Amino acid sequence: MFDMLGSVLKNLVSRPATRKYPFEKREPLKDTRGQVGINIDDCIFCSICSRKCPSDAINVNKAEKSWEINHFKCVMCGVCAEVCPKKCVDMVEQYKTPAYSKSSAKYVQQPKPASQDNKTA
Amino acid sequence: MSRSVIPFGPQHPVLPEPLHLKLVMEDEKIVEAIPAIGYVHRGLEKLTEVKEYTQNVFVVERICGICSFMHAMAYCQGIESLMEIQIPDRARYLRVIWAELHRIHSHLLWLGLLADAFGFESLFMQVWRNREKVMDIMEETAGSRVIISTNAIGGTRRDISKDMLLKIRVIVDEIKEDMKQLEPVFFNDYTVKHRLVGVGVLTSEDAYSLGAVGPMARASGISQDLRTTGYAAYGELDFEPVVEKDGDSYARTMVRLKEVYQSVSLIKQAIANIPEGEISVPVKGNPNGEVIARVEQPRGEVLYYLKGNGTKNLERLRVRTPTFANIPTLLKMLPGSQLADVPVLILTIDPCISCTER
């Protein structure tokens, strides 16, 4: 009958097991697969990530120099980051916040005047 | 006496997943139970035919949230035996560690849900607080809490560092200690025993003829545990299947609680014996031929039938999940029992409907 008594008394005097969430947020752990991020400037638009993606969430357009991800299709498996030859796709530790509408994020590579300067120099 | 039909589920406070039962009642007593499943069918088996066989690892992981690692493990072991891939020793041990962590969190989840089913809220909270420690290990080692996606054909995708292995050993010990404190409540508490002892007795003969698997079979005295076949690194670890004789809900609770301790012991043995080295081998070619792969999940034996045709797509993938095998035993147990015992009886088979319907 009194088997729980020890635990009950211990819980009465110990700190709560949960965090006071909106006020106290936990830092994401190292290597957590939170969401997919890209450093678009390094991307060579090889489309390997798009072909390997199990949920067809990534769209790469070489002509437009654009890289598009549908975060709502993404299953956060991290394969894209694994296969990227330039390692410009990576898993960001911070979780994606909820959104009001389903949309995809498109990244377009801007022409690089700085790199051309480097080439001439 | 006139009969009435009471629909139970698919929406019911005790059910985490949509199982529908038509209960034919005589007064408070059940005379017949007619199951209806099909509420969460997602067509995953068909999906595996259009995805590449390497991508299917992520598809089969999503068959079930609780035993996702074991689904991927069964699939990978099947493809590996089909393509005759020898995975590195370290990967075999890593698979055991993650699989047993999954078993612990599945059984703790179940013990909590059982406490919730007979209205013991504080016990439910205590058990789930323990479970949270396992979830934190998952996130720290694999990067995700539930669907950990660490399996790949040819090994594992992530390694566990030495420090982390030592940390896991300390944490699983803590879990064992905490569960030892809660153990008397499950085993000796008057109210808990009142709801479990003698409820839903499944004899050894019935369990055998109905094809019960996992803790259901082991609680009825059938010593059947696929881990004894020695897949992954289980052949090199020392353990005995947990078997109880009585076959009632109390015996099933005992089996699952003792399996938590067994998993703790297996994890500690695996950590002590894990060799250094590579975690995966490169995979070339496509699977050709057919194979059956079996793995012991927290709920029992899962069976994968894989058929490849030499292309990167599989021709057929078929899964027989443990809950599917255990539903007949539920239908055997329900007639003759009281309506108030139905939630506990349904829970004791540890139903995973999303597994069953895929």
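Out of (1) within 14 Å of another protein chain (Cβ to nearest Cβ); (2) over 18 Å from the mean Cα position of the chain (by Cα); (3) not in a helix (DSSP H, G or I), the odd one out for B:Gln86 is which? It is condition (1) that B:Gln86 fails.
In this structure, does B:Lys258 turn out to be surrounded by 17 or more Cβ atoms within 10 Å (Cβ to Cβ) and out of contact with any helix residue (DSSP H, G or I) (no Cβ under 9 Å at 6 or more places or on another chain)? Step through it out loud before you land on a result.
Working: surrounded by 17 or more Cβ atoms within 10 Å (Cβ to Cβ): yes; out of contact with any helix residue (DSSP H, G or I) (no Cβ under 9 Å at 6 or more places or on another chain): yes.
So B:Lys258 passes the test.
Cβ-Cβ distances below 8 Å connect no pair with a first residue in the stretch B:127-141 that is not in a helix (DSSP H, G or I), a second residue that is not charged (D, E, K, R), and a separation of six or more residues or different chains. For B:Tyr190, the conditions (1) modelled with pLDDT under 85; (2) of a type in the set (Ser, Thr, Tyr); (3) in contact with a Gly (Cβ under 8 Å, 6 or more places away or on another chain) are fulfilled apart from (3). In the stretch B:195-212, the residues that are without any contact (Cβ under 8 Å) to a residue 40 or more places away in the chain form Cβ pairs under 9 Å with partners that are in a helix (DSSP H, G or I), at six or more places apart or across chains, as follows: B:Tyr208/B:Ala217.
Which residue, of B:Ala91, B:Ala117, B:Ala99, is of a type in the set (Gly, Ala, Ser), away from chain A (no Cβ under 14 Å) and over 29 Å from A:Lys30 (Cα atoms)?
Working: B:Ala91 fails: over 29 Å from A:Lys30 (Cα atoms); B:Ala99 fails: over 29 Å from A:Lys30 (Cα atoms).
On inspection, the qualifying residue turns out to be B:Ala117.
Considering the stretch B:121-140, the residues that are at the interface with chain A (Cβ under 9 Å from one of its Cβ atoms) and buried (at least 21 other Cβ atoms within 10 Å of the Cβ) include one that is nearest to A:Met76 (Cα to Cα), namely B:Gln126. Take B:Arg195 and tell me if it is within 19 Å of the chain's Cα centre (by Cα), basic (Lys, Arg) and at pLDDT below 90. No. Based on what the data block shows, is B:Val172 more than 14 Å from chain A (Cβ to nearest Cβ), of a type in the set (Val, Ile, Thr), closer than 29 Å to B:Leu82 by Cα and surrounded by 15 or more Cβ atoms within 10 Å (Cβ to Cβ)? So B:Val172 fails the test.
The residues in the stretch A:1-15 that are facing chain B (nearest Cβ under 10 Å) and either assigned to a loop (DSSP other than H, G, I, E, B) or hydroxyl-bearing (Ser, Thr, Tyr) (or both) can be counted, and the count is 5.
Conditions tested, residue by residue: (1) β-branched (Val, Ile, Thr); (2) at the interface with another protein chain (Cβ under 9 Å from one of its Cβ atoms); (3) under 19 Å from B:Arg145 (Cα atoms).
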{"site": "A:Glu24", "(1), (2), (3)": "no, no, no"}
{"site": "A:Ser50", "(1), (2), (3)": "no, no, no"}
{"site": "A:Pro54", "(1), (2), (3)": "no, yes, no"}
{"site": "A:Ile69", "(1), (2), (3)": "yes, no, no"}
{"site": "A:Met76", "(1), (2), (3)": "no, yes, yes"}
{"site": "A:Ala99", "(1), (2), (3)": "no, no, no"}
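With closer than 15 Å to A:Ile38 by Cα and modelled with pLDDT under 85 as the only criterion, which of A:Gln110, A:Gln116 stands out? Don't jump to the end; show me each part of the working.
On the way: A:Gln116 fails: closer than 15 Å to A:Ile38 by Cα.
On inspection, the qualifying residue turns out to be A:Gln110.
The values are calculated or read from the model by the stated rules, or taken from the named source; none is laboratory data. Keep in mind that what you see is a predicted model, and the values were worked out from it rather than measured. Cβ atoms come from the backbone with ideal geometry, glycine included; neighbour counts cover every protein chain shown.
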